[in-house]
Amino acid sequence: QVQLVESGGGLVQPGGSLRLSCAASGNIFRIYTMGWYRQAPGKERELVASITKRNSTNYAGSVQGRFAISRDNAKNAVYLQMNSLKPEDTAVYYCHPVETNPYSWGQGTQVTVSS
């Protein structure tokens, strides 16, 4: 069973940076468009960034110009570089295929932006 494991979250001051990593036990990164999602308390989960098999990227307007998604198929990993972080970026971040798929969601990694 494929498992998705997110890491790299933490507490950071506004304006700071974090790099999130997502590792998978299978080769799903070669099959699917991968996305980074986030869910803040009391809000629905939202897609913030995605990357296709051909490395075409797309971003939510709220993170455009500040976040960068990348992938390393050889390492079965997807990354999210987050710069100029704002308090409203505080959420649990998850990676998951964008298309319909049979995989469970991972535990996510908590990102807290606060002074």
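Details
- Filter result (small (Gly, Ala, Ser) and in a strand (DSSP E or B)) within region 57-70: ALA68, SER70
- Single residue of ILE28, ILE51 found to be more than 16 Å from SER104 (Cβ to Cβ) and of a type in the set (A, V, I, L, M, F, W, C): ILE51
- Residue within region 48-56 that is open to solvent by 60 Å² or more (accessible area, probe 1.4 Å) and either in contact with a Leu (Cβ under 9 Å, 6 or more places away or on another chain) or part of a strand (DSSP E or B) (or both) present: no
- Total residues in region 35-47 satisfying the condition of being acidic (Asp, Glu) and outside any strand (DSSP E or B): the figure is 1.
- Pairs, first at pLDDT below 90 in region 97-109, second in a loop (DSSP other than H, G, I, E, B) and open to solvent by 100 Å² or more (accessible area, probe 1.4 Å), C-beta under 9 Å, six or more apart: TYR103/GLN1; TYR103/GLN3
- Scan of region 59-96 for residues that are modelled with pLDDT of 95 or more and among the basic types (Lys, Arg), ordered by number: ARG66, LYS86
- If you go through region 71-115 and keep only what is surrounded by fewer than 18 Cβ atoms within 10 Å (Cβ to Cβ), of a type in the set (Ser, Thr, Tyr) and not in a loop (DSSP other than H, G, I, E, B), you end up with just THR112.
- Search result, residues across region 2-32 that are buried (at least 17 other Cβ atoms within 10 Å of the Cβ), in contact (Cβ under 8 Å) with a residue 60 or more places away in the chain and not small (Gly, Ala, Ser): LEU4, GLU6, VAL12, LEU18, LEU20, CYS22, ILE28, TYR32
- Scope region 54-71; condition among the charged types (D, E, K, R) and either without any contact (Cβ under 8 Å) to a residue 24 or more places away in the chain or more than 18 Å from LEU4 (Cβ to Cβ) (or both); matching residues: ARG54, ARG66
- Of the set (1) open to solvent by 30 Å² or more (accessible area, probe 1.4 Å); (2) farther than 25 Å from SER25 by Cα, all apply to ALA68 but (2).
The values are calculated or read from the model by the stated rules, or taken from the named source; none is laboratory data. Note that the coordinates shown come from a computational prediction; the quantities given were computed from them, not determined experimentally. FYI the Cβ positions are ideal-geometry reconstructions off the backbone, even for glycines, and counts take in every protein chain you see. SASA here: full protein model, heavy atoms, side chains in, ligands and nucleic acids out. Shrake-Rupley method; radii C 1.70, N 1.55, O 1.52, S 1.80 Å.
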